[in-house]
Amino acid sequence: MKTFKFPARHGYAVEISPFIPTRLACATSQYYGIAGSGTLLVLEQTETGISLVKSFDWNDGLFDVTWSESNEHMLVTGGGDGSLQVWDTANPQPGPLQVLKEHTQEVYSVDWSQTREENLVVSGSWDRTAKVWDLSHGGQSLCTLQGHEGVIYSTLWSPHIPGCFASAS
């Protein structure tokens, strides 16, 4: 089994690139996500192990990550500060391209639509809402869905029905 350790970080989510089968992204947090910052790790799996390709720091814990289905360099993470961060691994700048801030508590789940014609991301938060974002149309959500009685831990787009997702709390 291959492993990768990054100092003072704990992994929360891992995703395999839909374009590069050996490329992984990992959302991490300090202090088990209770306090501190987070880091998005982009990793490469080789025959001998796993190596760091690039890392991006964020000022709060990162709890989930999702790859774009239409651009091999684009990722979105969900943070403890209630924001989504849009990252470009090809960008030489250290920060996110865009920060989307509408949730009032931790964003614990993000998922990019698998329908390549759509540029939609769904987020689930501890504020008990799910939001749908169209990343090609600025930094505001398209809609906010309420109804969960508890925090939302998971959101997932249907690979079969465009525009349909599930959420769990």
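The values are calculated or read from the model by the stated rules, or taken from the named source; none is laboratory data. Note that the structure is predicted; figures quoted are calculated from it, not measured. Glycine gets a Cβ as well: all are built from the backbone with ideal geometry, and neighbour counts include every protein chain shown.
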task = Just give me the residues in segment 97-126 being surrounded by 19 or more Cβ atoms within 10 Å (Cβ to Cβ), acidic (Asp, Glu) and not in a strand (DSSP E or B), in sequence order.
result = Glu106
task = Could you tell me which of the residues Glu117, Glu102 is more than 20 Å from Gln146 (Cα to Cα) and not hydrophobic (A, V, I, L, M, F, W, C)?
result = Glu117
query = What residue, among those in segment 127-155 that are assigned to a strand (DSSP E or B) and polar (S, T, N, Q), is surrounded by the most Cβ atoms within 10 Å (Cβ to Cβ)?
reply = Thr155
key: Number of the exception - Val53 against (1) assigned to a strand (DSSP E or B); (2) buried (at least 16 other Cβ atoms within 10 Å of the Cβ); (3) of a type outside the set (Lys, Arg)   = (2)
request  = Look at Ser158 and say whether it is surrounded by 11 or more Cβ atoms within 10 Å (Cβ to Cβ) and modelled with pLDDT of 95 or more.
outcome  = no
ask   = Do you know which residues across segment 28-80 are of a type in the set (Phe, Trp, Tyr), over 10 Å from the mean Cα position of the chain (by Cα) and more than 17 Å from Val99 (Cβ to Cβ)?
value = Tyr31, Tyr32
remark   = Apart from one, (1) assigned to a loop (DSSP other than H, G, I, E, B); (2) at pLDDT 95 or above; (3) farther than 17 Å from Ser17 by Cα all hold for Glu72; the odd one out is (3)
ask   = Based on what the data block shows, is Leu62 hydrophobic (A, V, I, L, M, F, W, C), without any contact (Cβ under 8 Å) to a residue 60 or more places away in the chain, under 18 Å from Ala90 (Cβ atoms) and surrounded by 13 or more Cβ atoms within 10 Å (Cβ to Cβ)?
value = no
